[in-house]
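Here's the structure we're looking at; comments come further down.
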Amino acid sequence: MKNVAILLLLTLFSFGLKAQNTSKKQASDQLITNQAVEIACGECQFKMKGKDCELAIRINGKSYFVDGKGIDDFGDAHGEHGFCNAVSKAEVSGKIIKNRFKATNIKLLSK
């Protein structure tokens, strides 16, 4: 009987741990739909740590590197108005997963 009670407690405890991990994972995934953001080079303009010039967006003061679109997909990043030299505005859709923005759509907005 004592072993059954211990087994029951361990089982309930393991379910509790699994529930906490699941909710934490869901909280980190955030869907973004047609939201206006700032867009630029993460290293040059947003002072993010990385290995090379890489496209990034900033939402509500928090910056995310972008997956699915490249920094030169919108023109020369090192040109006069390129992402390494200026912060632009864009309307984006996608999902934030593990602190990276997985882009499904990026539309630059005129200034």
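Here is the list for the range 27-111: GluC sites (Glu not before Pro) lying in DSSP coil, each with at most 16 other C-beta atoms within 10 angstrom of its C-beta, are Glu80. The share of alpha-carbon pairs in the range 30-108 lying farther apart than 19 Å comes to 23%. With the simple spin-label model, which puts each label point 7 Å out from Cα in the Cβ direction, the Lys107 to Asp73 separation comes to 1.5 nm. In this structure, the pairs whose alpha-carbon distance is over 18 Å, taken from Lys47/Lys107; Lys51/Lys89; Lys62/Lys95, are Lys47/Lys107; Lys51/Lys89. If you find the alpha carbon centre of the range 50-86 and of the range 95-110, how far apart are they in angstrom? Going from one Cα centre to the other spans 11 Å. Taken along the Cα-to-beta-carbon direction at a fixed 7 Å, the label points for Lys49 and Phe65 span 1.2 nm. Close amide H pairs (under 5 Å, H built 1.01 Å from N) link Glu54 with Gly42, Glu43, Cys44, residues at least 5 positions away or on another chain.
Read-outs: derived from the displayed coordinates by stated rules, not from any lab. All values reported here derive from a predicted model rather than from experimental measurement. Every residue, glycine among them, receives a Cβ derived from its backbone with ideal geometry; neighbour counts consider all protein chains shown.
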